[in-house]
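First the structure, in the form of C-alpha cells, and then the observations on it.
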C-alpha cells in the first residue's frame, strides 16, 4: 500500500523536514508559520495521554490503538509503561536495517516492527495515516514528521551520539519549529517534565 504517513508527537523517526504551508521553501519559523495546527498537536497529545489509561491493544508488553476518523487512520502508540519497555529503551545496540541501509537503535526498531506487523495484519488503513506516540518511537518510510519537545524534558535528547534525531523540531512551549533537533542541554533538563500531561498543558497554552 502506498500510504502517506504523517508523524506527530515526541518521536524518533527517519525522514526530512516539513515545509511551511505558507512558504513551501521554509524549513523553520515561529508559531504563526507552523506547518501543522496547534489544535492537531493538542488532539494527538491527548490521544497519547489517553492510551496510558485505556491500555489500548497490547502485544509483547507494547500497546497501540487504531482510530479512523474523517478518512484518516490514526495510530496511537503508548510510551514507556513497564519493565519490558524500559529494557527495550535501553537496548541501544546499533543494528543494520537492510531495507533502509542504515543503522538503528535495536530496542526501538524491534518494538516498532512488532506494532507495524500487528497493524498490517489486523487493520485496513486509510490512504492518509497519522502516527502519534509519547516518548521514543521509530517508524519507516515517512515523508513528514514533527518532534514535539519540551526543552526541559531529557528524553527527546536521548540517546545521544552516535544517534541522530530527525524530523522537524517543534518547541511545545513557544511553537518555534525547524530542523534544529539536538540543541537542548541534558544538564538543564528534569525527568519530571517528561509526562505527556505536561505536553498537553504547554500545547494548550499556545491556543
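Worth pointing out:
- Consider the range 162-185 and keep the residues that are outside any loop (DSSP other than H, G, I, E, B) and within 22 Å of residue 104 (Cα to Cα). The one that is modelled with the highest pLDDT is 169.
- Restricting the range 51-87 to residues that are free of Cβ contacts under 8 Å to residues at least 24 places away in the same chain and surrounded by 14 or more Cβ atoms within 10 Å (Cβ to Cβ), the residue that is nearest to residue 107 (Cα to Cα): 63
- Check on residue 106, at pLDDT 85 or above, farther than 18 Å from residue 58 by Cβ, touching a strand residue (DSSP E or B) at 6+ places or on another chain (Cβ under 7 Å) and surrounded by 12 or more Cβ atoms within 10 Å (Cβ to Cβ): yes
- Among the residues of this structure, residue 115 does not count as one that is without any contact (Cβ under 8 Å) to a residue 40 or more places away in the chain, surrounded by 11 or more Cβ atoms within 10 Å (Cβ to Cβ) and under 22 Å from residue 159 (Cβ atoms).
The values are calculated or read from the model by the stated rules, or taken from the named source; none is laboratory data. Just so it is clear, the model here is predicted, and its values are computed rather than measured. All Cβ positions, even for glycine, are placed from backbone atoms using ideal geometry, and neighbour counts span all protein chains on display.
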